[in-house]
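The values are calculated or read from the model by the stated rules, or taken from the named source; none is laboratory data. All values reported here derive from a predicted model rather than from experimental measurement. Here the Cβ positions follow ideal geometry from the backbone for every residue, glycine too, while neighbour counts run over all protein chains shown.
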Amino acid sequence: MAQWSPYAVGIGIGVLSWLAFLLSDKPIGCSTAFSRTSGMVERLFRGSRVAEKPYYKKFAPTVDWEWMLVVGILVGAFISAQLSGEFRATWIPQLWASSFGSGIGMRWIVALIGGVLIGLGARWAGGCTSGHGISGTLQLAVSSWLAVIGFFIGGIVTAMAIFRVF
Amino acid sequence: MLKALHENKGTQLVIGFFLGIGFGFLLQKGGVTRYDVIIGQLLLKDFTVLKVMLTAVVVGKIGIHFLWGIGMAQLHPKPGSMGSTLIGSLIFGAGFAILGYCPGTMVGAVGQGSLDALFGGIPGMLLGAGLFAALYPRLESRILNKGSFGELTLPQLLKVNHWWVIVIVAVMILVLLALLESSGL
């Protein structure tokens with residue numbers, strides 16, 4: 001089946017969160033893996049002094065549990081897409097094409113800018129839609145409930161501005 | 001507590017990888033690795049993202065607090081502040097709508113063949129994370145600690161037993177989901 005009920009998927013992710021706490025003593029999250037990778041890339045160009053940056057002292061540029069989790073997401077999504085025959089190399093999402101045309105350059109630049117903002121914002125807020133949005137809210141953390149409200153307010157306002165709903 | 005297991009670094013990398021496979025598989029099956037579904041949510045036309053997240057939160061928090069109660073799990077609530085959590089989450093939200101993926105679903109989108117996530121989103125997010133690391137010393141001394149409230153949880157804030165909060169929030173979520181379904185969203 002190409003798509004499962006969102007409730008079945010949500011139950012599955014909830015159970016995965018139990019396993020992550022039980023087996024690894026860690027909440028599921030994604031964004032620190034990008035900080036570590038960014039540090040690894042920077043180290044290729046600037047050498048080992050990169051690890052002296054205060055932020056990389058907190059999040060060392062090395063492969064850890066969460067980094068492997070992110071690699072696993074890639075593999076798991078690939079398996080799922082393959083099994084349902086949905087794997088397809090595409091540049092332009094449908095909804096994008098119907099609003100802004102099928103030019104690849106424009107979509108690439110916009111995706112790059114969006115990527116910079118989620119990278120900056122996730123580390124600024126201390127987590128993303130997984131680490132705060134699911135793992136943090138289920139621990140009833142005040143920071144995570146505030147973050148997820150901010151994610152959606154920022155996202156809804158921006159999306160409505162881009163798609164000219166106002 | 002499975003302490004010996006938690007301290008075995010090699011095994012932990014393997015566990016992380018397999019949990020990630022499960023997570024990526026579910027995200028793709030849920031459709032939330034698709035740009036159209038995420039933008040549909042932010043335009044309040046398609047509530048798939050919210051349904052997945054809220055169901056995961058209800059199931060997750062009951063299990064985690066049960067495991068915590070019997071001493072099989074520890075909680076790790078993240079610290080927060082207005083300067084970091086509020087400002088950062090609004091920046092993230094803008095990026096969420098511009099990119100059309102969040103970090104985890106972006107990686108899942110690459111797995112289903114979305115090249116805008118691979119060549120736009122991923123290098124962009126690495127740049128953004130690197131930019132934050134570069135700005136961190138200045139942000140930390142000026143903004144990130146403004147209005148700090150630490151590792152506060154809702155039960156501590158409201159000064160009630162955590163099961164009250166779990167049950168009340170679960171009921172609110174279930175009512176919201178039922179309202180979405182009954183209104184055809």
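Residues in the range B:85-121 that are crowded, with 24+ Cβ neighbours inside 10 Å, aromatic (Phe, Trp, Tyr) and free of Cβ contacts under 8 Å to residues at least 40 places away in the same chain: B:Phe92 alone. Of all residues in the range A:44-91, those that are without any contact (Cβ under 8 Å) to a residue 24 or more places away in the chain and more than 7 Å from chain B (Cβ to nearest Cβ) total 13.
For every residue, the table says whether it meets (1) at the interface with another protein chain (Cβ under 7 Å from one of its Cβ atoms); (2) under 28 Å from B:Gln41 (Cα atoms).
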position: B:Ser89; (1), (2): yes, yes
position: B:Ala97; (1), (2): yes, yes
position: B:Val107; (1), (2): yes, yes
position: B:Gly113; (1), (2): yes, yes
position: B:Leu118; (1), (2): no, yes
position: B:Leu126; (1), (2): yes, yes
position: B:Pro137; (1), (2): yes, no
position: B:Asn161; (1), (2): no, no
position: B:Ile166; (1), (2): no, yes
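Every listed requirement among (1) closer than 17 Å to B:Met106 by Cα; (2) under 20 Å from the mean Cα position of the chain (by Cα) is met by A:Gln94 save one, (2).
This table checks each residue for (1) within 7 Å of chain B (Cβ to nearest Cβ); (2) more than 17 Å from the chain's Cα centre (by Cα); (3) over 29 Å from B:Leu152 (Cα atoms).
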| site | (1), (2), (3) |
| --- | --- |
| A:Ser102 | no, yes, yes |
| A:Ile109 | no, yes, yes |
| A:Gly119 | yes, no, no |
| A:Ala122 | yes, no, no |
| A:Gly136 | yes, no, no |
| A:Leu140 | yes, yes, no |
| A:Ile149 | no, no, no |
| A:Phe152 | yes, no, no |
| A:Phe163 | yes, yes, yes |
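Quick one: in the range B:28-53, which of the residues that are within 7 Å of another protein chain (Cβ to nearest Cβ), touching a Gly at 6+ places or on another chain (Cβ under 9 Å) and of a type in the set (A, V, I, L, M, F, W, C) is surrounded by the most Cβ atoms within 10 Å (Cβ to Cβ)? Top of the filtered list is B:Val52. Please verify whether the range A:103-121 includes one or more residues that are under 30 Å from A:Met1 (Cα atoms), small (Gly, Ala, Ser) and touching a residue at least 40 places away in the same chain (Cβ under 8 Å). Taking every residue of the range A:103-121 in turn, none turns out to be under 30 Å from A:Met1 (Cα atoms), small (Gly, Ala, Ser) and touching a residue at least 40 places away in the same chain (Cβ under 8 Å). Of the helices (runs of 4 or more DSSP H) lying entirely inside the range B:68-185, the ones with 2 or more residues being at pLDDT 95 or above, farther than 26 Å from A:Lys26 by Cβ and not acidic (Asp, Glu) are found at B:87-99, B:122-142, B:162-182.
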